[in-house]
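Below is one structure, written out as structure tokens; the observations come after it.
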Amino acid sequence: MPIVIADDHERERVWLSKLLSDNLASLMPIYEASNGQQAVDLTLSCNPALVILDIEMPILSGMKAAEKILAKLPQTGIIILSHHQDEVWVRQLWRIVPNDGAFGYVLKDSSDEQVIQAVQAVLSGDCWVHPRIQKIRKRTESGPGSLTDNEFEVLAYISLGLTDRGIARRLFLTEKAIQCRLKSVYQKLGMPLKGTSDHDEFNHRCRTINIAFRRGLINKLELEEWETKFMDLPN
């Protein structure tokens with residue numbers, strides 16, 4: 001039962017390989033990749049049962065590599081290994097994994113026992129998410145402050161500096177529709193409607209982006225990926 005481990009730090013790969021070899025001897029052979037593209041190529045050539053991906057790697061991020069792998073081999077077990085527990089990563093992972101797919105999200109400060117638990121769960125067709133991430137997932141999926149995919153999309157666009165007209169053109173919507181989505185985002189992030197309080201001294205767009213960054217709804221890496229989709233944006 002082959003497995004692929006992808007991390008741009010050799011120390012992390014050696015640790016994972018030894019941990020799996022010592023505790024799960026059936027996981028052989030173990031292939032290693034130092035970037036996301038190598039992970040994709042190895043996976044497509046050896047069709048492993050499981051791929052463990054560092055979330056930040058050269059050429060392709062772990063999320064992008066997972067997306068490419070699952071597009072070709074949707075039943076491959078995926079484990080994302082990450083320092084990040086931001087809401088944006090939770091949202092992205094659930095978006096790319098098939099409904100019947102097996103996956104794990106493991107924080108890099110997890111214990112060896114937790115890593116083994118995650119691997120065993122994914123290999124059995126189940127999911128394993130670090131307890132701290134489970135709390136975030138519940139917060140993102142329910143409650144008055146949760147953003148819909150459409151609202152999150154508009155939030156990402158304004159974070160890139162696009163105007164209502166620019167967003168409307170890309171989404172094939174009217175500017176009024178974009179403004180309605182923005183109004184909903186403002187309310188969910190605790191920004192009062194214009195003209196209803198002394199907070200009118202704030203720029204709603206800028207304040208919303210500030211709150212979104214502090215809450216972990218968006219981050220630098222995510223925005224860089226969004227920006228690559230729009231090559232006409234000025235530097």
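A search for C-beta distances below 8 Å between a residue of the range 214-226 that is closer than 14 Å to Met63 by Cα and any residue that is assigned to a helix (DSSP H, G or I) and among the charged types (D, E, K, R), counting only pairs 6+ apart in sequence or on different chains, returns Glu225/Lys64. Across the range 92-104, not a single residue is classified as at pLDDT 95 or above and surrounded by 23 or more Cβ atoms within 10 Å (Cβ to Cβ). Give the range 71-90 a look and list any residue that's assigned to a loop (DSSP other than H, G, I, E, B) and under 16 Å from Lys220 (Cβ atoms), or say none. Listed by number, the residues that qualify are His83, His84, Gln85, Asp86.
So that you can scan it fast, the table gives a plain yes or no per residue for (1) in a helix (DSSP H, G or I); (2) under 13 Å from the mean Cα position of the chain (by Cα):
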position: Tyr31; (1), (2): no, no
position: Pro48; (1), (2): no, no
position: Ile69; (1), (2): yes, no
position: Gln92; (1), (2): yes, yes
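The values are calculated or read from the model by the stated rules, or taken from the named source; none is laboratory data. In this text, all values refer to a predicted model and were calculated from it rather than measured experimentally. FYI the Cβ positions are ideal-geometry reconstructions off the backbone, even for glycines, and counts take in every protein chain you see.
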